[in-house]
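The values are calculated or read from the model by the stated rules, or taken from the named source; none is laboratory data. Remember, it's a predicted structure, so these values are computed and weren't measured experimentally. Virtual Cβ from ideal backbone geometry, glycine too; neighbours counted across all protein chains shown.
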């Protein structure tokens, strides 16, 4: 079973509107949570990284929140633009004795329409 | 600063052959990690190299191997290719270890491998 679950699987929004993507994880212990944006045919690009002690982090029109108690994170996109059309991937890092492997969510496919 | 460069961009191989993919990290980055991305499984961690040493390995068969050179450039090799190996293979570099909070991953645009 995947330890990182994202919802919705996909969504379509109108340009200029806001949207929120969800990420629930069961990874424990937990070190940090990342959000990446992946355009079609390109590699993922880092949006935010949050440690367990951080509640929110922004990167331009992207704002990520984290509730380490409930093991939930969200990514809010404000005033969406056509260039926001992409897959958004939630990634959780669990510390091991050697700064372990990453657990990836399946991603949320966002389509912004004019 | 140049980004992460992966070559080749596209590759078509026949089942049973072997393939080598190359990755040049951002200058100064000592960690290089590799990932497989497929529509069914999403992104999966293959392995990480740091200063020429493999630090971590994902749950992939021994047919998948890699190495890192003294200039931090890395290669990934897949032997005895299977149809299921068709995927986008991504390489990422970072200053610190994979997973460290202060060390974001910088991905290349991948090598699209098709096995026929």
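Here are a few things to note about the model shown:
- Residues satisfying the stated conditions in segment A:1-41, i.e. surrounded by 15 or more Cβ atoms within 10 Å (Cβ to Cβ) and within 10 Å of chain B (Cβ to nearest Cβ): A:4, A:6, A:31, A:32, A:33, A:34, A:36, A:38
- Being loosely packed, with under 14 Cβ neighbours inside 10 Å, under 17 Å from residue B:107 (Cα atoms), within 14 Å of chain B (Cβ to nearest Cβ) and out of contact with any helix residue (DSSP H, G or I) (no Cβ under 7 Å at 6 or more places or on another chain) is a property that does not hold for residue A:107.
- Evaluation of residue B:81 against (1) assigned to a loop (DSSP other than H, G, I, E, B); (2) within 14 Å of another protein chain (Cβ to nearest Cβ) (one fails), failing number: (2)
- Residues that are under 12 Å from residue B:92 (Cα atoms), in a strand (DSSP E or B) and more than 10 Å from the chain's Cα centre (by Cα) within segment B:15-32 comprise B:24, B:31, listed in sequence order.
- Residue among B:97, B:35 that is surrounded by 15 or more Cβ atoms within 10 Å (Cβ to Cβ), within 11 Å of another protein chain (Cβ to nearest Cβ) and not in a loop (DSSP other than H, G, I, E, B): B:35
- Residues satisfying the stated conditions in segment B:52-65, i.e. more than 16 Å from residue B:105 (Cβ to Cβ) and either away from chain A (no Cβ under 14 Å) or surrounded by 11 or more Cβ atoms within 10 Å (Cβ to Cβ) (or both): B:52, B:54, B:57, B:60, B:61, B:62, B:63, B:64, B:65
- Meets criteria (over 19 Å from residue A:95 (Cα atoms), assigned to a strand (DSSP E or B) and at the interface with chain A (Cβ under 9 Å from one of its Cβ atoms)) for residue B:91: yes
- Exclusive hit being in a loop (DSSP other than H, G, I, E, B), modelled with pLDDT of 95 or more and either out of contact with any strand residue (DSSP E or B) (no Cβ under 6 Å at 6 or more places or on another chain) or within 21 Å of residue B:3 (Cβ to Cβ) (or both), set B:109, B:71, B:102: B:109
- Unmet criterion (only one of (1) surrounded by fewer than 21 Cβ atoms within 10 Å (Cβ to Cβ); (2) at pLDDT 90 or above; (3) away from chain A (no Cβ under 14 Å)) for residue B:1: (2)
- Counting only strands (runs of 3 or more DSSP E) that sit completely within chain A, those holding 1 or more residues that are under 26 Å from residue B:94 (Cα atoms) correspond to A:4-7, A:19-25, A:32-38, A:45-51, A:56-59, A:62-67, A:72-77, A:86-93, A:102-104, A:108-113.
- Here residue A:97 meets the list (1) more than 9 Å from every other protein chain (Cβ to nearest Cβ); (2) within 26 Å of residue B:110 (Cβ to Cβ); (3) at pLDDT below 90 almost entirely, failing just condition (2).
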